[in-house]
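Below is one structure, written out as C-alpha cells; comments come after it.
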Amino acid sequence: MTTSPRTWQPLRRIDREKLLLGFAAPALALATAFVIISLVMSLTGQNPFLAFQIMGDYGTKADSQVWIINKAIPYYLSAVAVAIGFRMNLFNIGVDGQYQVAAFFAAAVGGYLTFSGTLRIPFILLTAMAVGAIWAGIAGFLKATRGVSEVISTIMLNAIGGALIGYLLHDGRLAERTQNIVHTPYLPESTMFFTIQTDAGRIYGTIVIAIVAGLAYWYLLGRTRFGFDLRSVGESESAARAGGVSVKRMVITAMVLSGAMAGLVGMPTLLNDSGTFGNNFPGGIGFMGIAIALLGRNHAVGMAFAALLWAFLERTGGRLNFEGYNQEIVGVMQGIIVLSVVIAYELVRRWGLRRQQRMVGAQLAARAAATPAAVGAPVPMEKPPATTPGATGDRRAGQNGSDDPTDPEVP
Amino acid sequence: MAVTAALALTASACGESSTETADGESPGVGIAFDVGGRDDQSFNEAAARGADQAEEELGVSANFQTARNDETDADREQRLTELAQEGYNPVIGVGFLYGNAIARVAEQFPDTTFGVVDAVAEGDNVYSMVFAEHEASYLAGVAAALKTETGKVGFIGGVNIPLIQKFQAGFEQGVNDTDPDVVVDVQYLYADDDRGFTDVAKAKEQADGMLGRDIDVIYSAAGLAGNGSIEEVAGVEGAWAIGVDSDQYLQDGLAEYKDSILTSAVKGVNVAVFDLIQSVHDGEPLNGVGEYTLADEGVWLATSGGFIDDIMDEIDTAREGIVSGEIVVNDTP
C-alpha cells in the first residue's frame, strides 16, 4: 500500500486487531447467549446447568452426531440460498416456498420418469434447481422490472406455492394416496442417493451436495468478477452502476441463483429419506435458513457450524423434553443465540471502527507534530489520504474495501 | 469444511450410543403426541385420557412427549426410539404422521408393542388404530342441519388432507341427507401445513368470517386450533359450535364457552389407547388393525349439555341407519 514504514506499521497492527475482533464477536455472542439462556431458565424454575450437561452428553454421542449431520444438510443448503440474496441486500424470505415447490415437482418428475435407476438422479436435481430458480426468478423479475419489494413478493409466493402444491398433490392429479398420506409416486430404491454407513447409523450421501454447494458459493461470491459485482450492488447500487454493472440483471441473477440453491434444500429428504413428496414433507426449513445465515454471517464455513449447532439444539431439545424440561426452551435458545450474534457483531464492529479511527487519528497527529521538526522528511504530501478514510468516518473505505472489520469473508 | 467438522465430531465419541436399552421393569406407557400437545382439549387430549384411565385402573404410568411444528420423520423416530429404549411399553404415536416412524422403529424393537393412531403401520408388534370419523361427523351434520336457523352451516378443517376430508365428507352428507336446502360452507385453514392444527388465531378469524356470513353452526376439525373457532362462536348469541375428537363440552379448558358447544363428534382415541395398554398389561398385546366405528362405539356423538336432546330421535334414526348399513357414509368429499 505504501512504502513508508511509518504508515505501514499501524496498518499491520490493525490487521492483527481485525483477527482479534473476528474472534471477539462470536465469543461475545456465545457468552451473552449462554448467560441469557441461563437466566431465562432459572427464572422459569429450570436448572440450566443440568440442562446444558444433558445436552452436552447426549448431543455428542455417536448416533446423535449422525442424526445432527443429516439434519444439518438441508439447513445448510437453505442458509446458502438465503445468503446469496443477503450478499446483495436481497432478502429472499421465499426459500421456504421455493424448496417445497421444487421438491414437489422434482419428486413428481422422478416418480413418473420411466427409465430406471441412478440416471434419474440428475434429472431430479436439475428439475429441483430449475423449479426453485423459476419460483424465485418471478420475484427477481418483478423487482427488476416493477420495483416490487422481494420481501413482499417472495412471502406471497410462499402462499401461492403452498396452494399450488395443495392443488396438485391430490389423488389423480400428480399424486396417489396411501391411507391418510397423499404423495407422489415412490422413487425406486435405485434412484435413492447413496448413504455412508457408520456404526451409529447412515450419513446421507447428499452431504456431498451440501459441500459442493458451499464451495461453489465461496468461490463464486468471493473469487470471481461476478461475485464482486454482486456484492458491490449490495454495498451501493449507484457505485455499482457507475462501475458498469447492470443492477437489474444482477437482481434477477441473484434471485435465480438463490432459488436454484433453494431447490436443493428438499433433496436430502427426498433422495435420502422419504423417496416421495407427500403431505408429510417437512416444511419451515427456509425460515430456519434465514436464522442460520445470520448466525453464520453469510460465511461458507460459518454457516456450516451454524447449521450443525441448530441441528444439535434440536436433537438435544428432544432429549430435554424427555428429562422434564419444556421443549419450547430450544426455540427460545435459538432465538437468543441469533439475537446475541447479530447484536454482538454490530457492537464489535462499531467498537473496532472507533478504535481504528482513534489509532489512525493518533498516528496522523503524531506525524503532523513530527513533520515540521524533520524538515525535508521523505513523506510525500499525498501520503496521508491513504490512511485517512478510516478517520473521516467512512467505514467503507477502511480496509480492503470491506465494510466490516470483522467480516470473515474478506481476507 | 463440513466434512472436517463432521469427522471431528464423529471421531470424538465413536461407538457410544445415546441411550442404553433399559432392563427390568417397564416404566409404563410412552405416548408421543402430534402437534398441539396433551392439552389441545381435543385429539391429543383424547389419547391422554386413555392413558389416565390406564393409570387409574391398571396402575400403569405414562410418559407424554410432544411434537413441534414442521417435524421430519427423523424427529419422530428419535422420540419413539427414546421411549422404546427407556423401556416404555407400549409406545404409542398419536397422529397419522407417526405412521412411517412407527413402522421403522417397531422393526428395531421387536419386544416392544407399538401403537399408532390414524395410520396403518406394518409390523407384527404394531397395533394400528383407525376410526370412522366420517360416521360421527355425519351425525354432527344431522344435528347442524336441524339446529341451524339461517340455513347455513360451516365446516372448518385444520389442514386439507384426506384425514380431515373424512370429517368434511361425513358432515356434508349428514347435512344434505337431513335438509338439502341447508348450505355447507367448507373452509380449510391451511392447504398443506401442520400449523393448521395449532393456529388458534387463524381458526378464530375463519369462524369470525363465517359468522359474518350468517352461518350459525360451525363444526371445526382442527385439533388445538379449533378452540379458536369455539371461542369466536361463543361470542355470538344463538350460534353453535360443534366440537371434535373429545367431548369438548366437558373440557376444562373450554368451560367458559361450553354453553355454545352444541355437541361433539367424539373419536374414541381414549378407548383405543386404553385397549392397547390393557392388552399389553395383560400380556396379550394387540396387533394388526383396530377399526373403531359407530357400530362398536368407537366413535359417537356427545350429548353433554343436553342441547340436542330435542332432536335425539332423528339422530338415533341416523345412527341406526349407519350401523345397519342402510346409510353408507362417504369418507371422501
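Order the following by accessible area, largest value first: A:Ser274, A:Ser64. Probe radius 1.4 Å; ligands, DNA and RNA are ignored.
On the way: A:Ser274 35, A:Ser64 0 Å².
Heavy-atom accessible area, descending, gives A:Ser274, A:Ser64.
Compare A:His183, B:His281 by solvent-accessible area with a 1.4 Å probe and give them largest first, with all protein chains kept in place.
On the way: A:His183 5, B:His281 100 Å².
Descending accessible area places them as B:His281, A:His183.
Between B:Glu107 and B:Asp313, 0.36 nm times their residue separation minus their Cα-Cα distance comes to what? Don't skip to the end; give the middle numbers.
Working: separation 206, 0.36 × 206 = 74.16 nm, distance 4.85 nm.
That works out to 69.3 nm of additional length.
Select from B:Leu224, B:Ala241, B:Ile261 the residue farthest towards the positive end of the dipole of segment B:199-270; place +1 on Cβ of Lys and Arg, -1 on Cβ of Asp and Glu, and compute about the Cα centre.
Selected residue: B:Leu224.
Estimate for me the total accessible surface buried between chains B and A (protein heavy atoms, probe 1.4 Å, no ligands or nucleic acids), in Å² to the nearest 100. Walk me through the numbers before you get to the answer.
Numbers: alone 14490 and 20020 Å², together 30740 Å².
In total, this chain pair buries about 3800 Å².
May I ask which residue of B:Val126, B:Ile215, B:Ile277 lies farthest towards the positive end of the charge dipole of chain B, with charges of +1 (Lys, Arg) and -1 (Asp, Glu) on Cβ and the Cα centre as origin?
B:Ile215
Relative contact order for segment B:31-136 using alpha-carbon pairs under 8 Å, separation at least 6, rounded to a whole percent?
22
Once the Cα atoms of helix A:62-86 and of chain A are each reduced to a long axis, what angle between those two axes, in degrees from 0 to 90 to the nearest 10, is obtained?
So the inclination is approximately 60 degrees.
Would you mind checking the tilt of helix A:5-43 against the longest principal axis of the Cα atoms of chain A, expressed as 0 to 90 degrees and rounded to 10?
The angle comes out at about 40 degrees.
Per 0.36 nm of contour for each residue apart, how much would the distance between A:Ala27 and A:Arg355 grow if the chain were fully extended, relative to their Cα-Cα spacing?
Working: separation 328, 0.36 × 328 = 118.08 nm, distance 1.89 nm.
Result for the pair: 116.2 nm of gain on full extension.
What FRET efficiency would be calculated for the residue pair A:Gln197, A:Phe123, taking the C-beta separation as r and a Förster radius of 22 Å, to the nearest 0.05? Intermediate results must be reported in sequence, preceding the final value.
Details: r = 26 Å, r/R0 = 1.20.
So, using R0 = 22 Å, E works out to roughly 0.25.
What whole-number value in Å² describes the accessible area per residue of segment A:70-325 for a 1.4 Å probe? Spell out each step's value before the answer.
On the way: 9550 Å² over 256 residues.
Counting only protein heavy atoms, the per-residue value for segment A:70-325 is 37 Å².
I'd like the accessible area for B:Lys152: 1.4 Å probe, protein heavy atoms, all chains in place, Å² to the nearest 10.
80
Could you work out the mean count of beta carbons from other protein chains within 10 Å of each residue's beta carbon in B:67-77?
Average neighbour count from other chains, rounded to a whole number: 6.
Roughly how many Å is it from the Cα centre of segment B:247-271 to that of segment A:14-49, as a whole number?
Segment B:247-271 and segment A:14-49 have Cα centres spaced 47 Å from each other.
In the Gaussian network model of chain A, springs joining C-alpha atoms below 10 Å, which of A:Ala130, A:Ala81, A:Ala31 carries the largest mean-square fluctuation?
It is A:Ala31.
Using only Cα atoms, figure out Rg for chain B and give it as a multiple of 2.2 N^0.38 Å. Let's see the in-between values first.
On the way: Rg = 21.1 Å, N = 333, 2.2 N^0.38 = 20.0 Å.
Normalised by 2.2 N^0.38 Å, the Cα Rg of chain B equals 1.05.
Size of the dipole of the protein assembly as shown about the Cα centre, Lys and Arg at +1 and Asp and Glu at -1 on the beta carbon, nothing else charged, in debye to 20? Working shown, then result.
Working: 48 positive and 86 negative charges, 1525 e Å.
Once rounded to the nearest 20, the dipole reads 7320 debye.
Which is farthest toward the positive dipole end of chain A among A:Val330, A:Gly45, A:Ile209, measuring Cα position about the Cα centre, with Cβ charges +1 (Lys, Arg) and -1 (Asp, Glu)?
Of A:Val330, A:Gly45, A:Ile209, it is A:Ile209.
What per residue convex hull volume, in Å³, comes out for the protein assembly as shown when only alpha-carbon positions are used? Before the final figure, lay out the partial values.
Values: hull volume 138.9 nm³, N = 744.
Considering the Cα atoms of the protein assembly as shown, their hull volume per residue is 187 Å³.
Between helix A:328-373 and chain A, what is the angle of the helix's C-alpha long axis to the longest principal axis, kept within 0 to 90° and rounded to the nearest 10?
Helix A:328-373 sits roughly 20 degrees off the main axis of chain A.
Counting only protein chains, not ligands or nucleic acids, how are B:Phe274, A:Phe91 ordered by accessible area (probe 1.4 Å), most first?
A:Phe91, B:Phe274
For chain B, give the share of DSSP beta bridges that are antiparallel, in percent and rounded to the nearest 5; count only bridges with both residues there. Write down the numbers at each step before the final one.
Details: 3 of 44 bridges.
Antiparallel: roughly 5 percent of the beta bridges in chain B.
Can you count the Lys pairs in the protein assembly as shown with C-alpha separation below 26 Å, eight or more apart or on different chains?
Lysine pairs, 8 or more places apart or on different chains, close enough: 22.
Averaging sequence separations of C-alpha pairs under 8 Å and six or more residues apart, then dividing by the length of segment A:70-325, give the relative contact order as a whole percent. If you can, show how the numbers build up before the last one.
On the way: 455 pairs, mean separation 100.2, N = 256.
Relative CO of segment A:70-325 lands at 39 percent.
Using protein chains only and a probe of 1.4 angstrom, how many square angstrom of A:Ser190 are accessible, to the nearest 10?
Its heavy atoms expose roughly 60 Å² to the probe.
Starting from the Cα of A:Leu339, move 7 Å in the Cα-to-Cβ direction to define the label point; list residues of segment A:284-300 whose amide nitrogen is under 20 Å from there.
The answer is A:287-297, whose backbone nitrogens lie closer than 20 Å to the label point.
For A:Asn279, what residues show an amide H to amide H distance below 5 Å, using hydrogens built from the backbone and excluding near sequence neighbours?
Here A:Val182 satisfy the definition.
How large is the accessible surface per residue of chain B, computed with a 1.4 Å probe and reported in Å² as a whole number? Present the calculation step by step, with values, prior to reporting the outcome.
Numbers: 12620 Å² over 333 residues.
Accessible area per residue, chain B: 38 Å².
In the Gaussian network model of chain A, springs joining C-alpha atoms below 10 Å, which of A:Val40, A:Val80, A:Val131 carries the largest mean-square fluctuation?
A:Val40
Might you report the magnitude of the Cβ-based charge dipole of chain A about its Cα centre, with Lys and Arg at +1 and Asp and Glu at -1, to the nearest 20 debye?
Values: 32 positive and 24 negative charges, 300 e Å.
Approximately 1440 debye in magnitude.
To the nearest 20 Debye, how big is the dipole of segment A:194-331 about its Cα centre, given +1 on the beta carbon of each Lys and Arg and -1 on that of each Asp and Glu? Each step should come with its number before you reach the end.
Values: 10 positive and 8 negative charges, 111 e Å.
Around 540 debye, computed over segment A:194-331.
Work out the P(r) tail for segment A:70-325: percent of alpha carbon pairs separated by more than 30 Å, whole number. Mind showing how you got there, number by number?
Details: 9124 of 32640 pairs.
The proportion of pairs with Cα distances above 30 Å equals 28 percent.
To the nearest 0.05, what FRET efficiency results for B:Val323 and A:Thr114 with a Förster distance of 56 Å applied to their C-beta separation? Before the final figure, lay out the partial values.
Values: r = 47 Å, r/R0 = 0.84.
Computed FRET efficiency for B:Val323 and A:Thr114: 0.75.
Measuring from centroid to centroid over Cα atoms, what is the spacing of segment B:93-160 and segment B:208-239 in Å?
23
Given the whole protein assembly as supplied and a 1.4 Å probe, what does the accessible area of B:Val186 come to in Å², nearest 10?
Approximately 40 Å² for this residue.
First select every other residue whose beta carbon is under 12 angstrom from the beta carbon of A:Asp229; then total the charges, Lys and Arg +1, Asp and Glu -1.
On the way: positive: A:Arg87, A:Arg225, A:Arg231, A:Arg241, A:Arg249; negative: A:Glu235, A:Glu237.
Net of charged neighbours comes to +3.
Please find the FRET efficiency linking A:Leu20 to A:Glu346, where r is the Cβ-Cβ separation and R0 is fixed at 22 Å, and quote it to the nearest 0.05. It would help to have the intermediate numbers written out before the result.
Values: r = 17 Å, r/R0 = 0.78.
Here the calculated transfer efficiency is 0.80.
The values are calculated or read from the model by the stated rules, or taken from the named source; none is laboratory data. This one's a predicted model, so the numbers in the text were calculated from it and none came from an experiment. Here the Cβ is made from the backbone with ideal geometry for all residues, glycine too, and neighbour counts use every protein chain on show. With ligands, DNA and RNA removed, areas are computed over all heavy atoms of the protein, side chains included. Shrake-Rupley method; radii C 1.70, N 1.55, O 1.52, S 1.80 Å.
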